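Written below as structure tokens is the structure these notes are about.
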Amino acid sequence: MAISPDEVRHVARLARLALDEGEVERLAGELGAILEYVAQLQRVETAGVPPTAHVLDQVNALREDEPGPGLEREVLLEEAPDREGPFWRVPRVIGEGGENVGEGEER
């Protein structure tokens, strides 16, 4: 299944990815190969095959989640690189318009 460079550009724009023309051409080929493989998988006869989540018969090996006491606020604040009163102070990462703010921007 072929995917056109225009379709790659469209998906890249939706994903907010900046691709150069070389990447567009390369990804058109790679995505086309992936879609062809998926189409090949869809042609496999699976009637009578039970749904399977894992090939091995495993059970959850994790311990029970038991709540315990947390750390004291002052202990956590002592680890903060910067603080303001009872809060950690961190660099701004989202601007007023929702755009990402670069490192070193005003807090």
Using the alpha carbons of the range 18-62, what is the convex hull volume per residue in cubic angstrom, as a whole number? 141 Å³
For the range 70-85, what does the Karplus curve 6.51 cos²θ - 1.76 cosθ + 1.60, with θ = phi - 60°, yield as ³J(HN,Hα) per residue in whole Hz, taken in order and with x for Gly and Pro? x, 7, 5, 4, 5, 5, 5, 5, 5, 8, 5, x, 8, 9, 9, x
Computed over the range 17-107, the relative contact order (Cα-Cα under 8 Å, seq sep at least six) in percent reads 11 percent
Return the loop-located trypsin sites (Lys or Arg not before Pro) in the range 42-81 (DSSP other than H, G, I, E, B) with at most 16 other Cβ atoms within 10 Å of their own Cβ; answer none if there are none. Arg43, Arg63
Report, in degrees rounded to the nearest 10, the 0 to 90 angle that the Cα long axis of helix 5-14 makes with the longest principal axis of the chain. 20 degrees
Stretchable slack from Leu17 to Asp65, in nm (0.36 nm times residue separation minus alpha-carbon distance): 13.3 nm
Starting from 0.36 nm per residue, how many nanometres of slack lie between Arg26 and Arg89 once their C-alpha separation is accounted for? 18.4 nm
Restricting attention to the range 49-83, which GluC sites (Glu not before Pro) occupy a DSSP loop and are surrounded by at most 13 other Cβ atoms within 10 Å? Glu64, Glu72, Glu79
Could you tell me what percent of the accessible area of the chain is made up of carbon and sulfur, with a 1.4 Å probe and every protein chain present? 55 percent
In deg cm²/dmol, rounded to 500, what helix-only [θ] at 222 nm does the chain give when every DSSP H run of at least 4 residues adds -39500 (n - 2.57) and the total is split over its residues? -11000 deg cm²/dmol
Shape of the range 31-92 from its Cα gyration tensor (a ≥ b ≥ c, root eigenvalues): rounded if a/c is under 1.5, otherwise prolate when a/b > b/c, or oblate? oblate
Over the chain, what per residue volume does the convex hull of the Cα atoms give, in whole Å³? 257 Å³
If you rank Leu77, Leu27, Leu14 by how much accessible surface each has, with a 1.4 Å probe, what is the order from largest down? Leu14, Leu27, Leu77
Nearest 10, in degrees from 0 to 90: the angle of helix 21-42 to the longest Cα principal axis of the chain is 70 degrees
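The values are calculated or read from the model by the stated rules, or taken from the named source; none is laboratory data. These numbers were taken from a predicted model, which means no experiment stands behind them. When we count neighbours, we look across all protein chains shown, and the Cβ atoms used for this are built from the backbone with ideal geometry, even at glycine. Note: areas computed on protein heavy atoms with side chains; ligands, DNA, RNA excluded. Shrake-Rupley method; radii C 1.70, N 1.55, O 1.52, S 1.80 Å.
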